[in-house]
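Notes follow once the structure below has been shown.
The values are calculated or read from the model by the stated rules, or taken from the named source; none is laboratory data. Computed from a predicted model, the values in this text were never measured in an experiment. Using ideal geometry, Cβ is built from the backbone for each residue, glycine included, and neighbour counts are taken over all protein chains shown.
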Amino acid sequence: ASLETFFGLGLIVGPTVGGALYQIGGYMTPFAVLGSTLFLSAIMTAFVLPEHADSEMDAKDGASLLQVLKIPGVLLAAASIIFDLSPVVLGLMFVINGATYALTAPCWGWLCDTSFVPKIATIIGCLLIIFGFSMVGPAPFLPIETSLWLCVVGLMLHGLGIAAQLVASFTDALRTSMTPSTDVQQLLISPREEN
């Protein structure tokens, strides 16, 4: 859950800093700062990380336009044109999803570790994501007008659902892999016994 929390904190910092940089220096500034930071990180990584043997990587297909349009942030960016939001406020809108995720991931982790069945939490997370996606649009079958507060609530539900789904899925996968009857545990133990 702590890894998920820090991932969520990263989702918070990015849009906030990006919106502020846009406000300060215009359209190119966030890209220039990010590009420079990544370039310096790549140089540092070349010196810090040890060398490894080359391995073949499987070719991956790129995302289609429809997959990109299913991301709530993309819909939010399109909605920002309608709502005429400033860059800073738009950046803060992107923070809502990540902040909700970061704040609730430890709670879901605690619930799954103590009293909650992870599979139930995963189902609840899926339902929250469905409701969140439906509200961000809003979905065509809902007789609701598009509004800023509806997008905010939808993003909060989406962040809450993603936290439930990911944390519970990781917890469930870990528990399942550690039960004596699974082949996964044998795979994890076998290499150690050979050495």
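Worth a mention:
- Pairs, first within 20 Å of ALA105 (Cα to Cα) in the stretch 1-27, second among the acidic types (Asp, Glu), C-beta under 9 Å, six or more apart: ALA1/ASP113
- Residues of the stretch 102-134 that are of a type outside the set (Phe, Trp, Tyr), closer than 30 Å to THR146 by Cα and free of Cβ contacts under 8 Å to residues at least 60 places away in the same chain: ALA121, THR122, ILE123, ILE124, GLY125, CYS126, LEU127, LEU128, ILE129, ILE130, SER134.
- For the stretch 123-164, a tally of residues being of a type in the set (A, V, I, L, M, F, W, C) and over 16 Å from the mean Cα position of the chain (by Cα) returns 16.
- Any hit, the stretch 88-95, residues being modelled with pLDDT of 85 or more, in a helix (DSSP H, G or I) and among the hydrophobic types (A, V, I, L, M, F, W, C): no
- Complete set of residues in the stretch 144-171 that are free of Cβ contacts under 8 Å to residues at least 60 places away in the same chain and in contact with a Gly (Cβ under 7 Å, 6 or more places away or on another chain): LEU157, GLY161, GLN165
- Residue under evaluation GLU145, criteria (1) farther than 29 Å from TYR22 by Cβ; (2) out of contact with any helix residue (DSSP H, G or I) (no Cβ under 9 Å at 6 or more places or on another chain); (3) outside any helix (DSSP H, G or I), criterion not met: (1)
- Any hit, the stretch 96-113, residues being modelled with pLDDT under 90, under 20 Å from SER2 (Cβ atoms), assigned to a helix (DSSP H, G or I) and of a type in the set (Asp, Glu): yes
- Scanning the stretch 103-123 for residues that are surrounded by 17 or more Cβ atoms within 10 Å (Cβ to Cβ) and closer than 22 Å to LYS70 by Cα turns up just one, THR122.
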